[in-house]
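The values are calculated or read from the model by the stated rules, or taken from the named source; none is laboratory data. Only a predicted model underlies this, so the values are computations on that prediction, with no experimental measurement involved. Quick reminder, even Gly has a Cβ in these numbers, built from the backbone with ideal geometry, and neighbours come from all protein chains shown. Areas reflect the complete protein model, heavy atoms only, side chains present, ligands, DNA and RNA absent. Shrake-Rupley method; radii C 1.70, N 1.55, O 1.52, S 1.80 Å.
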Amino acid sequence: MPGDKNYQIIFEDEDILVVDKPSGLRTIPDGYQPLLACLAKQLRDEYGQIFVVHRLDKETSGVILFARNAEAHRDLNLQFENRLVTKTYHAICTGFPQWQSITANFPLKVNGDRRHRTIIDYQNGKPAATEFMVLSSNREFHLTEIHPNKGYTHIVRTHAAALAIPLLS
């Protein structure tokens, strides 16, 4: 059911909530269908006022941070803005990369096509880079650690596609 609690609180205090967001749940309301389930609304229903600090794509599971008051929100936003926060993603990928690590350095344009996807755009895109490092592999899959240098929507997916690194969903 849309109102069911399908997330776990990892840590909470008077300033922050650290949440394990499952795949398939939006972080914030959908712009086209605002009544669809989202983590921010579920947390507001349980905790009252919360502030979104950053987002994860609907399809992405992982740890996400929310502020519980305006001062914490301001402080956390400054930490993200000043690049004091390091984002690390782990993905299972298919294929056989011929490298142990590589950096995708392609300019991105958010909502760059008619389907609201982030695209590589050499003329109008903004600078963006993502580091990929193979941690382990077998005959079919490899576990990759990923570090984007920006917070653009779908940066990891777009850069992985540009490098022909298929991500498993």
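Across segment 16-28, what is the total count of residues that are over 18 Å from His154 (Cβ atoms) and either polar (S, T, N, Q) or in contact with a strand residue (DSSP E or B) (Cβ under 7 Å, 6 or more places away or on another chain) (or both)? Please lay out each step first, then the result.
Of the residues in segment 16-28, the ones over 18 Å from His154 (Cβ atoms) are 16-20, 22.
Going one step further and asking which of them are either polar (S, T, N, Q) or in contact with a strand residue (DSSP E or B) (Cβ under 7 Å, 6 or more places away or on another chain) (or both), we end up with 16-20.
Selection size over segment 16-28: 5.
Each residue in segment 103-136 was checked for being in contact (Cβ under 8 Å) with a residue 24 or more places away in the chain and outside any loop (DSSP other than H, G, I, E, B), and 14 of them qualify.
Would you mind finding the one in Asn124, Asn82, Asn105, Asn111 that is surrounded by fewer than 16 Cβ atoms within 10 Å (Cβ to Cβ), polar (S, T, N, Q), at pLDDT 95 or above and over 16 Å from Leu167 (Cα atoms)? Outline the logic, then answer.
Details: Asn124 fails: at pLDDT 95 or above; Asn82 fails: at pLDDT 95 or above; Asn111 fails: at pLDDT 95 or above.
Result of the check over Asn124, Asn82, Asn105, Asn111: Asn105.
The set of residues from segment 138-160 being over 26 Å from Leu84 (Cα atoms) and modelled with pLDDT of 90 or more comprises Phe141, His142.
Quick one: in segment 127-139, which of the residues that are within 17 Å of the chain's Cα centre (by Cα) and among the small types (Gly, Ala, Ser) is least open to solvent (accessible area, probe 1.4 Å)?
The selected residue is Ala128.
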